[in-house]
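Chemist: Can you read through this structure? Questions will come right after.
Just so it is clear, none of the values below were taken in a lab; they were calculated from the coordinates. Predicted, not measured: the structure shown is a model, and the values here were computed from it. As a convention, Cβ positions derive from the backbone with ideal geometry for all residues, glycine included, and neighbour counts pool all protein chains shown.
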Amino acid sequence: MKLYKRESFIINIALLFSSVIILFIICELYLSYFHPEYNSIYQPDKKLLFRLVPDGKKIYRRIPVNGGQKIQIRINDSGFRGKEIEKIKKKRIMVYGDSFIEGEFSELKNTFCERLKFEINNASKQYIEVINAGVVGYGPDQSLLKLEEDYEKYKPDIVIFSIYAGNDFGDLIRNKIFSYASIKSSSKINYADKKKYLSLTETKKKYDQNQDSSLLSNTNNYYLKESLRVCLDNNAYPGGIRKFNLVRYIERKLNLNSCNDYNYNGINGSNYVDWSLGVCNDEFKDYVSGDNIVKNLFNDHYDADISLSPESKSARYKINLMYIVLNNLYHFSKIKDLRTLVLIIPPKIDLYQDGYFKLNKSIYPKFNSIRLSKLAEEIAVLNHLNCLNLYSFFKTDNPLEFYFNGSNDHWNDRGQDYAARLTTNLILNLFSDNR
């Protein structure tokens, strides 16, 4: 009797184990065919901090208020979103920027770069290739380094260098790539007592005339936080049981594979600006402390310090860093005889303060809705760069028509199409010869 019970128990365990295995296989096959969990398309990079994985794929899920669609993103074998690069080069435009340019929230055909390609080919009556060099989370510093890396290989005729005025100033602080060497060279900077925060005019004078050797551009010793680097690497190239779709599906549902350290609990459209201002101050303190560890790649937020406290140390320092980056862009373009257009994209909250994101002007009397976009334009002009500031074009009776709803602050398909038409007109006017 005991032997029978023991054999029955073993058989039941075997049947249970077999059932689990079969169920796992069925779930794995179902997910593989109908809902694949792709590896991450972002991998760590020593110079750029991170870059896109060639031949990578990703599913972007719109939030319900924007339709809830699933959008498949494909990275080509050269590491750009879109179709493969033309083997025989004709005329070529490369567009650099962040998530606004990569455009993972839109189908490929509706992205800014594809709309630009459509418009400019129709208008010019000749084929012009447009390469989408945008990467989610990139700042102007990374875009500049990527342009310098790409130029000899792809030899673009025109470069569009986009700046998202809403958070690109802050990317320069978070990425820690460019700096005033006098501040970053010391690990014991007294934040409260630091007095030398130049105005933009002073920065231009000193930097252009090389009168101040402390105004150096690249620290060369920035690096990713180790846990962040490992997370990116493991998500891009998973090993062991993480190779299975079912395991990655469970990780995604439980948010176990996120490389983000930020805690957004309690953050909403009403207190987002206040929260951003606090984070701006914290990031600047970390920056001037001499710590070269990069801790945040994807959690970009509104540059509230510049928008609300333009005379603050952090605001002035970010503005000066942007000048240095665009000054480097100008000199690179000049050396390569490269036609460059700076495209400035305004943040949704600057165009409308009573939507999902709210800003109380009585609390922040120094708020100026055009400041961030205008500053980016002024810096581009000071550096002799052609510029298209979209603020005045998007500032209509209903500016929200150009942006997604709710917490998604990116431009929507209509905004990208409108920007592409405006950019096409300017390019044809600026660069109308046959070069």
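Chemist: Bin all alpha-carbon pair distances of segment 280-435 at 5 Å intervals from 0 and give each bin's fraction as a whole percent.
Modeler: Per 5 Å bin, starting at zero, the Cα-Cα P(r) for segment 280-435 comes out as 1, 8, 14, 17, 19, 17, 13, 7, 3, 1, 0 percent.
Chemist: When the chain is fully extended, how far beyond the present Cα-Cα distance does Tyr30 get from Glu311, taking 0.36 nm per residue of separation? Numbers along the way, then the final one.
Modeler: On the way: separation 281, 0.36 × 281 = 101.16 nm, distance 5.68 nm.
Separation in residues times 0.36 nm, less the Cα-Cα distance, equals 95.5 nm.
Chemist: Using Cα springs under 10 Å in a Gaussian network model of the chain, which residue among Lys253, Lys176, Lys70 shows the largest mean-square fluctuation?
Modeler: Lys253
Chemist: Convert each backbone phi in segment 67-75 into a coupling constant with the Karplus relation 6.51 cos²θ - 1.76 cosθ + 1.60 (shift: θ = phi - 60°), then list the ³J(HN,Hα) values in order as whole Hz, x for Gly and Pro.
Modeler: These are the phi-based 3J(HN,Hα) values: x, x, 5, 9, 10, 8, 9, 10, 9 Hz.
Chemist: Can you give me the Cα centroid spacing of segment 368-435 and segment 126-184 in angstrom?
Modeler: Using only Cα atoms, the two centres lie 17 Å from each other.
Chemist: Describe numerically, in nm with one decimal, the distance between label points set 7 Å from Cα along Cα→Cβ at Asn121 and at Leu430.
Modeler: Spacing of the two 7 Å Cα→Cβ label points: 2.3 nm.
Chemist: My understanding is that a pair violates if its Cα-Cα distance is over 26 Å; which of Lys87/Lys336; Lys176/Lys395; Lys117/Lys253; Lys47/Lys285; Lys109/Lys225 do that in this structure?
Modeler: Values: Lys87/Lys336 22 Å; Lys176/Lys395 33 Å; Lys117/Lys253 37 Å; Lys47/Lys285 23 Å; Lys109/Lys225 36 Å.
Checking Cα-Cα distances, Lys176/Lys395; Lys117/Lys253; Lys109/Lys225 exceed 26 Å.
Chemist: Using Cβ counts within 10 Å as a stand-in for footprinting exposure, how do His301, His331 rank, fewest first?
Modeler: Values: His301 21, His331 12.
Lowest to highest Cβ neighbour count: His331, His301.
Chemist: Write down Rg/Rh for the chain, rounded to two decimals, with Rg from the C-alpha atoms and Rh from the Kirkwood relation over Cα pairs. Present the calculation step by step, with values, prior to reporting the outcome.
Modeler: Details: Rg = 24.3 Å, Rh = 23.5 Å.
Reported Rg/Rh, Kirkwood definition of Rh: 1.03.
Chemist: Hey, could you get me the Stokes-Einstein D for segment 1-151, Kirkwood radius over alpha-carbon pairs, 10 °C and 1.306 mPa s, rounded to whole µm² s⁻¹?
Modeler: Working: Rh = 18.8 Å.
Stokes-Einstein gives a translational diffusion coefficient of 84 µm²/s.
Chemist: Right, another one. Going by a ≥ b ≥ c, the root eigenvalues of the Cα gyration tensor, does segment 99-178 fall in the rounded group (a/c under 1.5), the prolate group (a/b larger than b/c) or the oblate group?
Modeler: Values: a/c = 2.61, a/b = 1.54, b/c = 1.69.
It comes out oblate by the Cα gyration axes.
Chemist: Per residue of segment 136-148, in order, report the coupling 6.51 cos²θ - 1.76 cosθ + 1.60 (Karplus, θ = phi - 60°) as ³J(HN,Hα) in whole Hz, putting x for Gly and Pro.
Modeler: Computed from phi, the couplings for segment 136-148 are 3, x, 6, x, x, 5, 5, 4, 5, 4, 5, 4, 4 Hz.
Chemist: Out of all DSSP beta bridges in the chain, what portion is antiparallel? Express it as a percent rounded to 5.
Modeler: Values: 14 of 38 bridges.
Among the beta bridges of the chain, antiparallel pairing accounts for roughly 35 percent.
Chemist: Which of Glu311, Glu104, Glu28 ends up with the largest GNM mean-square fluctuation for the chain, with Cα atoms connected below 10 Å?
Modeler: Glu28
Chemist: In 5 Å bins starting at 0, how do the alpha-carbon pair distances of segment 242-367 split up by percent?
Modeler: Per 5 Å bin, starting at zero, the Cα-Cα P(r) for segment 242-367 comes out as 2, 8, 13, 16, 15, 14, 12, 10, 7, 3, 0 percent.
Chemist: Using Cβ-Cβ distances only, list the Cys residues of the chain with no partner cysteine under 4.7 Å, sorted by number.
Modeler: Isolated Cys, the chain: Cys27, Cys113, Cys280, Cys387.
Chemist: Of Phe402, Phe24, Phe367, which has the largest mean-square fluctuation in a 10 Å C-alpha GNM of the chain?
Modeler: Phe24
Chemist: Can I ask one more? What per residue convex hull volume, in Å³, do the alpha-carbon atoms of segment 348-432 yield? The partial results should precede the final answer.
Modeler: Details: hull volume 8.3 nm³, N = 85.
Here the figure is 98 Å³ per residue.
Chemist: Report the FRET efficiency, 1/(1 + (r/R0)^6), for Glu149 and Asn271, where r is their Cβ-Cβ distance and R0 is 35 Å, rounded to 0.05.
Modeler: Here the calculated transfer efficiency is 0.30.
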